[in-house]
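Data first, discussion second: the structure below is written as structure tokens.
The values are calculated or read from the model by the stated rules, or taken from the named source; none is laboratory data. Note that the structure is a prediction, hence the values are computed from the model and not measured. With ideal geometry, Cβ positions are generated from the backbone for all residues, glycine too; neighbour counts draw on all protein chains shown.
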């Protein structure tokens, strides 16, 4: 029998009174926030502070920015740790009227969190940078070399154990900063909830990608409902092309989002099929109509 989310929360100690987890002001009032649209800077093909201008040009309210200037050659100190670069982001945000919705650690796909000796310092730098940019969510990626499953789809239990220990160490810093560490990976909702149950911090949640989860054969609407408020942010994409025209049942996704009262950023990680500006405007218009924001 499947455990209800309420039962899961009680059993694992996520109830605030039982777990003694102190929610920072950053997490308060999330359910009242309006849905806003953002895009990944790598999807827009516009990284760095000028990416905010590209997001504004296609009518978006935000941009998910990369923590590293070059994910293939990140160095010991990430670009997000550069105060002058962050100031340039803030100036562009004010000028363009576009917010930094979140910060993404895509570099962890090539330099895995659980094995690279620089990873903990990178996450700490990114927490500080995310806070300074006024964002609340940072994406921690676990694909490619950083996948938490092997090629057969079997969970890498040792890697998960290592990750849980790392997250327990990092969570207090994230809590103090008012930043959520969003885990984006190939795992099922149940497997992710198991990780969260072991970490026991509201500053660690799941960053959900509807395209990836569909491709991995998961019941996407069911997973969204199961994750509930443990889901911190959502990527919209369809691996087959434009939103609403491929394999992802976007209507069911929207229904599930409404069912859990999701009110965070929706981040487009969509493909450019023809013209970048036209394609992003098309996917944004579809998303707003779908979510009732048109």
Just to verify a result, which residue in region 94-111, among those that are part of a loop (DSSP other than H, G, I, E, B) and either more than 11 Å from residue 141 (Cα to Cα) or touching a residue at least 40 places away in the same chain (Cβ under 8 Å) (or both), is farthest from the chain's Cα centre (by Cα)? 97
Quick check, is residue 200 within 14 Å of residue 123 (Cβ to Cβ), surrounded by fewer than 22 Cβ atoms within 10 Å (Cβ to Cβ) and in contact (Cβ under 8 Å) with a residue 12 or more places away in the chain? no
Being within 27 Å of residue 131 (Cα to Cα), modelled with pLDDT of 95 or more and surrounded by 19 or more Cβ atoms within 10 Å (Cβ to Cβ): is that true of residue 193 here? yes
Can you tell me how many residues within region 116-129 are in contact (Cβ under 8 Å) with a residue 40 or more places away in the chain and assigned to a loop (DSSP other than H, G, I, E, B)? 1
Just checking, how many residues over region 209-236 are within 18 Å of residue 279 (Cβ to Cβ) and free of Cβ contacts under 8 Å to residues at least 60 places away in the same chain? 3
Among 258, 225, the single one that is touching a helix residue (DSSP H, G or I) at 6+ places or on another chain (Cβ under 8 Å), in a helix (DSSP H, G or I) and surrounded by fewer than 18 Cβ atoms within 10 Å (Cβ to Cβ) is 225
Which one of these is free of Cβ contacts under 8 Å to residues at least 60 places away in the same chain and on the phi < 0 side of the Ramachandran plot: 67, 79? 79
Restricting to region 42-84, and then to whatever is part of a loop (DSSP other than H, G, I, E, B) and in contact with a strand residue (DSSP E or B) (Cβ under 7 Å, 6 or more places away or on another chain), can you tell me which residue is modelled with the lowest pLDDT? 47
Residue hits (region 167-190; out of contact with any helix residue (DSSP H, G or I) (no Cβ under 6 Å at 6 or more places or on another chain), farther than 20 Å from residue 124 by Cβ and buried (at least 20 other Cβ atoms within 10 Å of the Cβ)) are 185, 187
Examine region 146-161 for a residue that is within 23 Å of residue 102 (Cα to Cα), at pLDDT 95 or above, touching a strand residue (DSSP E or B) at 6+ places or on another chain (Cβ under 9 Å) and in a helix (DSSP H, G or I), and state whether such a residue exists. yes
Select from region 57-87 the residues that are exposed (fewer than 15 other Cβ atoms within 10 Å of the Cβ) and more than 28 Å from residue 142 (Cβ to Cβ) and write down the one among them that is nearest to the chain's Cα centre (by Cα). 59
Considering only region 233-252, state which residues are assigned to a strand (DSSP E or B) and touching a strand residue (DSSP E or B) at 6+ places or on another chain (Cβ under 7 Å). 233, 234, 235, 236
In region 148-162, the residues that are out of contact with any helix residue (DSSP H, G or I) (no Cβ under 7 Å at 6 or more places or on another chain) and surrounded by 18 or more Cβ atoms within 10 Å (Cβ to Cβ): 149, 159
